[in-house]
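Rule-based calculations on the coordinates, nothing more; no lab input. Remember, predicted model here, so these are calculated numbers, not experimental data.
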Amino acid sequence: SASGLDTAVLDARQFIEMGADGRVLRGAGKPSAEAVLHVTVARVRRAGAVLHTHSIWSTLLSDVCASEGGLAISGYEMLKGLAGVTTHDHREWLPIIENSQDMAALAATVHAALLRHPGAHGFLLRAHGLYTWGDDLPQARRHVEVLEFLMEVVGRKRSEALGPQVR
């Protein structure tokens, strides 16, 4: 979407279609500074749509789990909502990438992470949020919903395991 829009009320006319070189092909407005990351994901994953969230759980877990290099999610039925996943026994790995304001360098880091983790359906920018994608907008949106649900489940489970000392 164009920079500065309220993402809670976006409709199809407010999305920007971008080419592989990052230029706007269709739509109005200035792409966000992070558009180069969307283009990188679309190119590497051959995605038709790339979505990015700034949710509480993706922001929190991307920071808390950064030392682990990523977030592992397994054993949940909702994993079957991700493209190509047919069992709750699937282990989804969301790499965590250190955030940077140098978008060219960050795009190169994202590119490398996507190549290292070809089965990942998303990645997290540390203390920032989730990126995910799909063949088209409905699939990308489903991936957002599934991954956000699973991050909340994992986050709540981890906080319960730590007990009252974190409350």
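Give the Debye-formula value of log10 I(q)/I(0) at each listed q (0.08, 0.09, 0.15 Å⁻¹), with one equal scatterer per alpha carbon of the chain, two decimals each. Once normalised to I(0) and log-transformed, intensities are -0.24, -0.30, -0.83. Note on Val44 and His88: the extension gain reaches 13.2 nm, defined as 0.36 nm multiplied by sequence separation minus the Cα-Cα distance.
For the chain, the longest principal axis of the alpha carbon atoms and the long axis of helix 35-45 meet at an angle near 70°.
Computed from Cα positions, the angle between helix 137-162 and the longest principal axis of the chain comes to roughly 30 degrees.
Mean residue ellipticity, 222 nm, helices only, the chain: the sum of -39500 (n - 2.57) across DSSP H runs of n ≥ 4, divided by residue count and rounded to 500, is -12000 deg cm²/dmol. The C-alpha atoms of the chain define a longest principal axis, and helix 103-116 lies at about 60 degrees to it. Divide the volume of the convex hull around the Cα atoms of the range 106-167 by the residue count and you get 116 Å³ per residue.
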